[in-house]
Amino acid sequence: MPKKLERTLDSQHKLLEEFESLGGVNYESRVRELLRGLGLPESDFEKPVRALSGGQKKLIGLAQLLLARPSVLLLDEPDNHLDMPGKAYLEKLIIEYPGAVVIISHDRYILDAVATHIAEIEDGKIATFTGNYTEYIVDKEERLARQEELYQIQQREIGRLEMALRRYKQWVVFNDKFATRITNMEARIERMEKIDRPVLERRKMGLELNGWRGSNQVLEFAGVTKEFSNRKVLSNVNFLIRHGERVGLIGVNGAGKSVLLRLILGKEEPTSGEIKLGPSVKVGYYAQEHDTLDFNQTVIDAVRLAGNMSEGRAVSLLTRYLFTYQQATQKIGALSGGERSRLQLALLVLSGANFLLLDEPTNNLDIASAEVLENALNDFNGTVLVISHDRYFLDRTVNRIFALENASITEYIGGYSDYAEKAGVNLLEAKQVKA
């Protein structure tokens, strides 16, 4: 066989192997399956990428990465724009992935589902733990308790040695044989591998939501229908929310959750039906995209105006939300997503609202701040309606679930796990599930 033909056949063989490893003739169907699973509507499959939203572009980037099947998959907050079926689908892909996966995520539910090891960066150091997120929390508490115990033991030993050292230094005046003991003891203290005192309590956001009772009947939807260009987003929806209830509103992306909030806020009018707010209800709104903030305003000015307070009081309040003075003097447009989230929460407190409408409030919060928010909502003497795809958050904060699907709402008592059990949810099989 001529060498040129042999080289051509060899090259063809390698290309065929690569083609097969990437899915071969099934490649296109695999692409479509991935895009559907991650939540991109089929109606958008043929659109140019430039016509898609920022969130949809990120979904495409994630799909491209998964199709490439590298030996190490690096994922930075991959679930940020996914609805619940998309998150469950991503979890399945990660669990079944043949290579190694490194994932940065603040979604505790995902970390519980997929992680076999946790690496935590703190104070410029990395600590590793075996297990998922919940196991890491238990392990870390035990490690800190043990480190504190060892630190105290070592400090007592150092104290004992230093006391003896002081005595020897007094006695050496009368007996120079103690000079050797002093030298040895000083060397012993110096050689000790010092145990750092662990930080048992780190500074957290100081969020306190002080609501007030107001009306017993907070919000009622009576036969509410909302249509856009002959598409029904809500169809004859009826529900009543009473004082003190915490309601989680869930549904796939595009189901109409944000439309429902805009109806409550009066930014949209229902096509038919009636929306009734109680007579002494004051609404506070947290916007997912922070569009209630003036990006040209400084952080201090936003707080001063909202709370009718002096600059000094505004700065003092902002320190409770982890802002430095330098950050407080910046324009809101220069803040990170997490900083804007904390600012919105501060403004929510200043509003004095007793009915909170929250649209994805944990999206830009770190885990510690999300936990502070959860505790504050549980202590809040008011009513909450929250849109969230954060299943861990919903389990810790809500006592009712409104599942929005096919323009209708189905109610469930309890948190997300109760809903999933009662609804028989299989997010991996049903992409249009009530989630």
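Our note on the geometry: Cα centres of the range 44-79 and the range 217-256, 31 Å apart. Using the Karplus relation 6.51 cos²θ - 1.76 cosθ + 1.60 with θ = phi - 60°, the per-residue 3J(HN,Hα) values for the range 164-172 come to 5, 4, 5, 5, 4, 5, 6, 6, 4 Hz, with x marking Gly and Pro. How big is the Rg/Rh ratio for the chain, C-alpha atoms only, Rh by Kirkwood, two decimals? Rg/Rh for the chain comes to 1.11.
Any idea how many Lys pairs in the range 3-123 come in under 16 angstrom at the alpha carbon, given 8 or more places apart or on separate chains? Walk me through the numbers on the way to the answer.
On the way: K4/K14; K47/K57; K47/K58; K58/K87.
Lysine pairs meeting both conditions in the range 3-123 amount to 4.
Please state, to two decimals, what the Cα-based radius of gyration of the range 217-423 comes to when divided by 2.2 N^0.38 Å (N = residues). Could you put the intermediate results ahead of the total?
Details: Rg = 17.7 Å, N = 207, 2.2 N^0.38 = 16.7 Å.
Cα-based Rg divided by the globular estimate yields 1.06.
Residues in the range 81-86 carry Karplus couplings, in order, of 10, 9, 7, 5, x, x Hz; the curve used is 6.51 cos²θ - 1.76 cosθ + 1.60 with θ = phi - 60°, and Gly or Pro positions show x.
Relative contact order of the range 299-386: what whole-number percent is it, with Cα pairs under 8 angstrom and at least 6 residues apart?
27
Database remark: amide H of L356 closer than 5 angstrom to the amide H of G284, T383, V384, L385 (H placed geometrically; neighbours at sequence offset of 5 or more, or on other chains; Pro and chain starts carry no H).
Computed on the range 140-191, the Cα convex hull volume stands at 52 Å³ per residue. Compute the long axis of helix 27-37 from its Cα atoms, compare it with the longest principal axis of the Cα atoms of the chain, and write down the angle in degrees, 0 to 90, nearest 10. Result, in degrees: 80.
Considering only Y325, Y286, Y151, the Gaussian network model of the chain with Cα springs below 10 Å gives its largest mean-square fluctuation to Y151. Close amide H contacts of L249 (hydrogens built in the peptide plane, cut-off under 5 Å, sequence separation of 5 or more or a different chain): V386, I387, S388, F402.
Between 0 and 90 degrees, the angle of helix 311-320 with respect to the longest Cα principal axis of the chain falls at about 80 degrees. Close Lys pairs in the range 244-357 (alpha-carbon distance under 21 Å; sequence gap of 8 or more, or different chains): 5. Enumerate the lysines that K140 could reach by cross-link, defined here as Cα to Cα under 21 Å, with residues fewer than 8 away along the same chain left out. Leaving aside lysines fewer than 8 places away in the same chain, those within reach of K140 are K125, K194, K204. From the Kirkwood radius over Cα pairs of the range 3-123, Stokes-Einstein at 4 °C and 1.567 mPa s returns a whole-number translational diffusion coefficient of 79 µm²/s. Taking amide H atoms as placed 1.01 Å from N in the peptide plane, the amide H of L322 lies under 5 Å from those of G206, each 5 or more residues away in sequence or on another chain.
Laboratory data are not the source of any read-out in this text; all were calculated from the coordinates shown. Computed from a predicted model, the values in this text were never measured in an experiment.
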